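Throughout, read-outs are computed from the coordinates displayed, never taken from laboratory work. Just so it is clear, the structure is predicted and the values come from calculations on it, not from any experiment. Because the Cβ atoms are built from the backbone with ideal geometry, glycine has one as well, and the counts that use them run over all protein chains shown.
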Amino acid sequence: MVPADQGGGVMRADLLSAPVEGLDEALAAVDAFDRALTGGLLRPDAADMAEFARSVAATPLAEKVAEAADKAVAGAAGEEHFTALAAARLALLGSVHDALAARIAEATGRAGEDESDWEASESQSPNLLAAARSWLGDVARAGWRGIDHDLISGSAQIISAMLPDPALRRSAALLDGFAAELAASCPGASLERIPARRWADLWSRGMLLALPGAAATPATGTATGRLLPLGIDVQEHATAVQAQVHAVFEPADGSASRLVRASASVSKPDTVVGAGLWQLLRPHMSLLAAVGEGRSMELTEMPVTAEGDLIWNDEHAKPGEPADPFATARVALQAATVPATAPLDRHPARIAVPVFVEGYTARTDDDALMFTIAEHDLAVDTDRVPAASPLTAEAIAASNACIGLLRWDAGNFHLQPLAVETTKRKKAVAVHAGAWAGGTTDKAGAKAEKAATDAAKVLRERAGRLLRK
């Protein structure tokens, strides 16, 4: 809930729990294709393929998808047919993304996504892309139940040849991660549980990224003005970590403010966890220190994409005046426009919209935390809160105001907290997920940083010995 006297209004939490027309039908069609892909597209179930083809019967894809479905059932599908099926699946999920984005705009009272022009990238290394499509076609024929190490190992040479080329690195990174997941799950025939939606997402995205010129690239401009951070979303894996700062950007020319993101990503050893992650990330983006200190940043011709992603370069930024994220959320967030989403990125899993809520009550329902806003429940995703921060599930449950990212998963909207405000001794106290980004005097954070420093020192010494040998 955003107070009306501060330029906002009431978040329509009821709309976030209300059904979205057509959503269930679109997802059911996606599930039908995913069932077919699980068993393989070499003579898949005819009923599943027919249901999938019907879902796009009123679109420009209708003829090609109907033909592809028939060819697959007959065991005669080729690369062009797999491409049509992948495009239809992504189009269905894109429609789900658009419907959910429209519902969020309606619920928050904020303008919907901007429209933008997208340019097809130039065709690069057609032979390598053709090899990637060929391998993905073999995977589709086998299905998840039919994967084995011989099939998955066929990707290694293709990926190794693609990775050195910057124009192909996006596709290569996807294929590399996808192949690693499949290899770890071989043989498919013995799997008790298959992540059908996730693997089908990766397969269909890989098919389209491997088409020459298919990947649309956002037009890139520059941003000059004031950046007001809202919070940091940390995404961690065993060998990599990313910190993504969500912020409101106020252009110096007085034009409308807009939501933007700035990210830093680094590889990491699996022994560096918790607060030690910030040691790896800090050298790559001065913005992290500003967030930790509660400051704005002054940008001068910082490159920015139409999707609202700042291509961060410290030479184009300098620290600004103190800026309280909760003041930014109360005063500036509601008026900020939402950036466009690239065509291939239109997927419900990509939804992460900054929102501000207050005046709620928190309760626990079957170990799940819920915020009750105007008599309607909104699930709170505490699992996404990074371990590398002072923000805890207990602090969230005791809060009365929250800056978070509105996401959608498993059929429901969820709120991922980035920062909360609680009352202690009659004073408002803020707790941020990114509070340790620029360093910390907090006892727990300092202890974790020291442990990470010691671990990194040992790793450097070992790496040095190996190199000398």
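Computed 3J(HN,Hα) for region 262-271, one whole-Hz value per residue from the Karplus formula 6.51 cos²θ - 1.76 cosθ + 1.60 where θ = phi - 60°, is 9, 10, 10, 10, 9, 7, 8, x, 5, 7, glycine and proline marked x.
Note on region 354-376 and region 249-315: Cα centroid distance 29 Å, given to the nearest whole angstrom. For the chain, adding -39500 (n - 2.57) for each run of n ≥ 4 DSSP H residues and dividing by the number of residues yields -12000 deg cm²/dmol at 222 nm. Seen from His149, the other residues with C-beta closer than 14 Å to its C-beta sum to a net charge of -4, counting Lys and Arg as +1 and Asp and Glu as -1. For the chain, the relative contact order is 16 percent, taking Cα pairs closer than 8 Å that sit 6 or more residues apart in sequence and dividing their mean separation by the residue count. You can think of it this way: the chain between Ala76 and Lys447 has 127.5 nm of extra reach, that is 0.36 nm per residue less the Cα-Cα gap.
Helix 62-73 versus the longest principal axis of the chain: what is the Cα-based angle in degrees, 0 to 90, to the nearest 10? That works out to roughly 60 degrees. Between Ser160 and Asp345, the modelled label-to-label distance comes to 3.3 nm, taking each label 7 Å out from Cα in the direction of the beta carbon. In terms of packing, defined here as the mean over residues of other Cβ atoms within 10 angstrom, the peptides 151-158, 236-243 line up highest first as 151-158, 236-243.
Normalised by the number of residues in region 219-331, the mean separation of alpha-carbon contacts (under 8 Å, six or more apart) gives a relative contact order of 32 percent.
For region 1-101, GluC sites (Glu not before Pro) are listed when DSSP marks them as loop and at most 12 other Cβ atoms sit within 10 Å of their Cβ; the list is Glu21. Once C-alpha pairs closer than 8 Å and six or more residues apart are averaged by separation and normalised to the residue number of region 258-398, the relative contact order reads 23 percent. What shape does region 246-365 have by the C-alpha gyration tensor, where a ≥ b ≥ c are the square roots of the eigenvalues, rounded means a/c under 1.5, and otherwise prolate means a/b greater than b/c and oblate the rest? Rounded.
Model label points for Asp98 and Glu192, set 7 angstrom from Cα along the Cα-to-Cβ axis, are 4.2 nm apart.
Between Asp148 and Arg170, full extension at 0.36 nm per residue minus the direct alpha carbon distance yields a gain of 5.4 nm.
In a simple Cβ point-charge model (Lys, Arg +1; Asp, Glu -1; nothing else charged), the chain has a dipole of about 1700 debye relative to its Cα centre. If R0 is 25 Å, the Cβ-Cβ spacing of Asp409 and Thr239 corresponds to a FRET efficiency of close to 0.55.
Using the Cβ-Cβ distance between Glu293 and Asp138 with R0 set to 56 Å, the FRET efficiency works out to roughly 0.60. Filter the cross-link list Lys426/Lys450; Lys427/Lys450; Lys424/Lys447; Lys268/Lys318 down to pairs whose alpha-carbon distance in this structure exceeds 30 Å. Going by Cα-Cα distance, Lys426/Lys450; Lys427/Lys450 fall outside the 30 Å limit. Each Lys and Arg Cβ is given +1 and each Asp and Glu Cβ -1; about its Cα centre, region 219-331 then shows a dipole of about 160 debye. Pro19 sits among other residues whose Cβ lies under 13 Å from its own Cβ, and their net charge, with Lys and Arg +1 and Asp and Glu -1, is -3. Let's test the formula: R0 of 22 Å, r as the Cβ-Cβ distance of Ala335 and Glu106. What FRET efficiency results, to the nearest 0.05? Computed FRET efficiency for Ala335 and Glu106 comes out at 0.85.
Dividing the Cα radius of gyration of the chain by its Kirkwood radius returns 0.98 for Rg/Rh. Using alpha carbons only, the radius of gyration of region 148-245 set against its Kirkwood radius gives Rg/Rh = 1.06.
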